[in-house]
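The values are calculated or read from the model by the stated rules, or taken from the named source; none is laboratory data. Keep in mind that this is a model prediction, so the values were computed, not measured. Positions of Cβ are backbone-derived with ideal geometry, glycine not excepted, and every protein chain shown enters the neighbour counts. Accessible surface is based on the protein model in full, side chains and every heavy atom, while ligands, DNA and RNA are left aside. Shrake-Rupley method; radii C 1.70, N 1.55, O 1.52, S 1.80 Å.
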Amino acid sequence: MTMTAEPVAGEAEHAPSTAVREKGRLRSALGWVAIAALVVVFALFIGSITISAPDSRGALDPESADESGALALAELLRDQEVDITIARTRSEAAAALDADGTLVMADPFALSDQAVEDLVAPADRTVILSSASRLLRIFELGENAPATSDADVTARCDLPELAQVGAVRPDRFFTPADGVTGCYTDSAGAAALLVDDSGDRRVALIEGSALFGNEHLAENGNAALGLALLGQSEHVVWYVPSFEDSDIEAQSVDTLAALTPQWVTPAILLLLLAGIVAGIARGQRFGPLVAETLPVTVRASETMHGRARLTAKAADAAHAARALRDGSLRRLAARLGLTARSTPSEIADAASDRLRIPRGSLHQLLAGELPSNDSELIDTARRLAELETAVSTAVHVERNTP
């Protein structure tokens, strides 16, 4: 087999030099570096426009305009001439509280139990907008209770400030402790609002996320309930908890490096170095490319022997017999004057007529079952060769007989 490319005169004399190849290699490397730089720049650009820092203001923050913030409720209180002091530390809250002030806060997650009690102690009225079990335990208000329905509920208690408040739809209910007033109760007696007036101060607790957030404040009687709870005094100190104001000492956490043996890190570094060296060694090319003169001649027998070795290695006698039979059918059809689309039965009939032998044996040979082992394959190959020889002889005799 010969490739169609024509040889180029003087190719050896005009082969590219090593210096030219080095320049081409350098240009290729610079191109890949430029592509990598563009990819990095593009990734940084996409990251800068899609990734934004999370909002530092939490839920029910009176200065937050997010859906979970409480800016709308704070503005309603200011419209009612209620003075609001936003305290983000315990010291600010203690300094702002007066004898008639109201302390408002969400869950003080960053404070210890003692710090929460100290924070609430100087306040005459405290409104907690959280359903945390820890707060229920600290102030002995009751415990969490499952809600029996999601229908609207009304106050159903004797607190005068709630007389004009409409129905609301809270998402958390509680079982009041002894001496604690429960308002907005469901059919099972669980209350959404707990009020404790047993001491010299009032502590009220309600889950405010689904009632007083900016997203839900305009629903049902949520706004009226917020004004009734927080607007009973002329001054409100709104404490916003944060980790910066925490009194809980951070516990040391063992890192992965501290938990692993000392030899693990050097071993990992050594493996990484070995991988890099192996990649460089395997990726190196041993010298410049060699230019080969065209055309290149490949013997057709090499392909035949290669396919034969593959078939023999696969030990697939049926596949080899099918290939032999297909070749014999093409050659027999040509010698018998049939078309290339002739079926094996038509070729067998024509051959039997020409050789004057029974058709059954030829049909079995050319269209029957394929052999399943090597001995049957050898017998099939021999019979196909004998049939081709006999047909060639008969056709030759007919053509040369006057």
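Residues in the range 95-109 that are surrounded by fewer than 16 Cβ atoms within 10 Å (Cβ to Cβ) and within 39 Å of the chain's Cα centre (by Cα): F109 only. Taken over the range 72-89, the criterion of being closer than 17 Å to V127 by Cβ and open to solvent by less than 60 Å² (accessible area, probe 1.4 Å) is satisfied by A72, L73, A74, L76, L77, V82, I84, T85, I86, A87. Residues in the range 110-142 that are farther than 24 Å from E161 by Cα, open to solvent by 10 Å² or more (accessible area, probe 1.4 Å), of a type in the set (A, V, I, L, M) and in a loop (DSSP other than H, G, I, E, B): A132 alone.
Quick check on the range 334-380: of everything there that is among the β-branched types (V, I, T) and surrounded by 12 or more Cβ atoms within 10 Å (Cβ to Cβ), which residue is farthest from V397 (Cα to Cα)?
I378
Which condition does V277 not pass, out of (1) within 30 Å of P371 (Cβ to Cβ); (2) open to solvent by 80 Å² or more (accessible area, probe 1.4 Å); (3) assigned to a helix (DSSP H, G or I); (4) of a type in the set (A, V, I, L, M), if it passes all the others? For V277, the exception is condition (1). What helices (runs of 4 or more DSSP H), lying completely within the range 286-402, carry at least 3 residues that are under 57 Å from the mean Cα position of the chain (by Cα) and in contact (Cβ under 8 Å) with a residue 60 or more places away in the chain? It comes to 317-335.
Just checking, which of A123, A151 is at pLDDT below 90 and either farther than 20 Å from L97 by Cα or of a type in the set (S, T, Y) (or both)? Result: A151 is the single residue among A123, A151 that is at pLDDT below 90 and either farther than 20 Å from L97 by Cα or of a type in the set (S, T, Y) (or both).
Remark: G142 falls outside the filter, which requires a residue to be under 22 Å from Q232 (Cα atoms), without any contact (Cβ under 8 Å) to a residue 60 or more places away in the chain and of a type in the set (G, A, S). Per the conditions (1) in a loop (DSSP other than H, G, I, E, B); (2) open to solvent by 60 Å² or more (accessible area, probe 1.4 Å), the sole criterion not satisfied by E92 is (1).
Just so you know, in the range 152-174 the residues that are over 18 Å from R125 (Cα atoms) and of a type in the set (D, E, K, R) include one that is most open to solvent (accessible area, probe 1.4 Å), and it is R156. Taking the criterion of being touching a residue at least 60 places away in the same chain (Cβ under 8 Å) and closer than 17 Å to G208 by Cα, the residues of the range 159-174 that qualify are L162, V165.
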